[in-house]
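Asks: Structure below; questions to follow.
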Amino acid sequence: MSLSDIDDVIRLQKINAALVDRVEQAMDQQRNAFSLFQTAISLEGQVRRRTDELTSALHRLEETNIELARQKDISERANRSKTQFLAAASHDILQPLNAAQLTISSLYDLQVSDQARSMVDQVERSLDTMNELLRTLLDISKLDAGVTTPRFASVPIPPILASVLSDLRPIAQKKGLRLRVAVTNDCVYTDRLMLRRALQNLITNAIRYTDRGGVLIGTRRQGDSISIEIIDTGAGIHEDQQEKIFEEFHRGPLPQGDAEHGTGLGLGLAIVRRLMTALKHEVSVSSKPGKGSVFRIRAKRADAPPSIAATAPAPSPSIPANANLTGKKILVIENDPAVLEAMAGLLSKWGCYYRIARSTPQALEALDNNSWLPDLIIADHHLDFGHLGTDTLERLFAVLPARIPAILATADASQGLAEHAKALGVEHLPKPVKPAQLRALATHLINSGK
């Protein structure tokens, strides 16, 4: 049917409206497609810009990470350098300090008045304070730099406390304090030397800040853990100070009337916090002013080692009644002139015959083809020409016809050296050496050798 055959106006209007509607729909679809096309182009541009921004941010982050790694490396090298410097500096400083302490003993005996001897005692206490400060600073440096790492093992608690209290009991007795122990026969998973140092610092602090009463050291089982508690009847600590006491050089008010308190440096608890962090042990304190304090170390319980007796340290020898070294032959291997001079004066006062060597060849020469056999060898570790005391002792032991007792007296406090000395079967004595301690140990070794 052609358009001319349609005479119905209404039908024509409907057809026209349908055609217009279809055209409009087609146009709308085209506009929508074009709009979508424009939107796609816009989104693509946004994605490209965001990608460029992310890429740039990633580049900056990578550069920042590289810089952080570089700064971390610089910091680690600085820490290692600081530790090495402090180790070397402390060794160099401890050598004259050792000479001073050896000399001060001879000076004390030369004094005839009580006032002069009191002044010598005061100088000796100052030297002890300097020694404590130097060693503590070195320990803090090593712990901060991560140089000191724990050697975990099953460690019985009673022998450690017995060793610590053998050193501290005379101090408590001098103050009129009771020092009591109530510990279980348990073991903890820890580093023996680091735990001992922490306990020594805590018990020393308890004695220092207690005027009346005493100190109780006990243990408490808590599930699979052991809590070692140091309880004192001292002045106590205010709540707002209980966290600050673990900071460096922070000291509480000292009790009156005790000259020994003047040696406190405010570093003992800082060392304890660092040691416990390295060991992953918990350390806490609870205290009431006027009632005393309780310090706790919480460590993981462990099974007993195969031989507990083998882990118990031998008690430090005291000066025996027959501590007479007159006529004994001593070979001194040392390269520091001041220490040599002090040792010569000390051994002469004790009535010893001695020979001096500054290196391995001189030590071998002092034996005079084994025609002169010493009763005791006292050796430093760092000698002339880079020679080491441990190597020198090994050479001497190889040529001597009989095993001679020996002391490795050194300012090198490294754990490796102490273990090397133990493996050699010689006593390791950290410098500065106190004359009474040296004399007691020398007498003990010579008598034991006989």
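Asks: Looking at Asp368, is it touching a residue at least 12 places away in the same chain (Cβ under 8 Å) and of a type in the set (D, E, K, R)? Give the steps one after another, and end with the answer.
Replies: Values: touching a residue at least 12 places away in the same chain (Cβ under 8 Å): no; of a type in the set (D, E, K, R): yes.
When the stated conditions are applied, Asp368 does not pass them.
Asks: Taking the stated definitions as given, is Ser141 modelled with pLDDT under 90, among the polar types (S, T, N, Q) and exposed (fewer than 14 other Cβ atoms within 10 Å of the Cβ)? Give the steps one after another, and end with the answer.
Replies: Working: modelled with pLDDT under 90: yes; among the polar types (S, T, N, Q): yes; exposed (fewer than 14 other Cβ atoms within 10 Å of the Cβ): no.
In short, no.
Asks: Quick check: is even one residue across the range 390-406 touching a His at 6+ places or on another chain (Cβ under 7 Å) and more than 17 Å from Pro430 (Cβ to Cβ)? First the steps, then the outcome.
Replies: Just the residues of the range 390-406 that are touching a His at 6+ places or on another chain (Cβ under 7 Å), to begin with: 390.
Imposing the further condition that a residue be more than 17 Å from Pro430 (Cβ to Cβ) reduces the set to none.
No.
Asks: Filter the range 174-190 for residues that are in contact with a strand residue (DSSP E or B) (Cβ under 8 Å, 6 or more places away or on another chain) and under 25 Å from Gln437 (Cβ atoms); which is surrounded by the fewest Cβ atoms within 10 Å (Cβ to Cβ)?
Replies: Kept after step one, since they are in contact with a strand residue (DSSP E or B) (Cβ under 8 Å, 6 or more places away or on another chain), are these residues of the range 174-190: 177-190.
Then keep just the ones that are under 25 Å from Gln437 (Cβ atoms); that gives 177, 179, 181.
On the way: Leu177: 21, Leu179: 19, Val181: 13.
Only one residue fits best here, namely Val181.
Asks: Only one of (1) in a loop (DSSP other than H, G, I, E, B); (2) more than 30 Å from Arg125 (Cβ to Cβ) is not met by Gly351, so which one is it?
Replies: Condition (2) is where Gly351 drops out.
Asks: Hey, another quick one. Got a number for residues in the range 354-363 being in contact with a His (Cβ under 8 Å, 6 or more places away or on another chain), in a helix (DSSP H, G or I) and among the small types (Gly, Ala, Ser)?
Replies: If we filter the range 354-363 for residues that are in contact with a His (Cβ under 8 Å, 6 or more places away or on another chain), which is where we start, we get 359-360.
Next cut, in a helix (DSSP H, G or I) only: 360.
Checking which are among the small types (Gly, Ala, Ser) leaves us with none.
So the count comes out to 0.
Asks: Also, quick follow-up: Of these, Ala153, Ala162, Ala198, which one is touching a residue at least 24 places away in the same chain (Cβ under 8 Å) and closer than 19 Å to Gly268 by Cβ? Steps first, please.
Replies: Details: Ala153 fails: closer than 19 Å to Gly268 by Cβ; Ala162 fails: closer than 19 Å to Gly268 by Cβ.
After applying the criteria, what remains is Ala198.
Asks: What residue, of Asp412, Asp368, is at pLDDT below 90, within 30 Å of Met194 (Cα to Cα) and either out of contact with any Lys or Arg (no Cβ under 7 Å at 6 or more places or on another chain) or part of a helix (DSSP H, G or I) (or both)? Before the answer, list the steps.
Replies: Details: Asp368 fails: within 30 Å of Met194 (Cα to Cα).
Result of the check over Asp412, Asp368: Asp412.
Matching residues to (1) under 14 Å from Leu165 (Cα atoms); (2) under 22 Å from the mean Cα position of the chain (by Cα):
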| residue | (1), (2) |
| --- | --- |
| Thr190 | no, yes |
| Arg196 | yes, yes |
| Gln200 | yes, yes |
| Thr210 | no, no |
| Gly213 | no, no |
| Leu216 | yes, no |
| Gly223 | no, no |
| Gly234 | no, no |
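Asks: Check Thr149 against each of (1) modelled with pLDDT of 70 or more; (2) under 19 Å from Val339 (Cβ atoms) and name the one condition it does not meet.
Replies: Failed condition: (2).
Asks: Does Lys244 qualify as being over 19 Å from Ala304 (Cβ atoms) and touching a residue at least 60 places away in the same chain (Cβ under 8 Å)? Let's see the steps before the verdict.
Replies: Values: over 19 Å from Ala304 (Cβ atoms): yes; touching a residue at least 60 places away in the same chain (Cβ under 8 Å): no.
No; evaluated as a whole, the condition is false for this residue.
The values are calculated or read from the model by the stated rules, or taken from the named source; none is laboratory data. For clarity, every value in this text was computed on a predicted model and none was experimentally measured. A quick note on method: Cβ atoms are made from the backbone with ideal geometry, for glycine too, and the neighbour counts reach across all protein chains shown.
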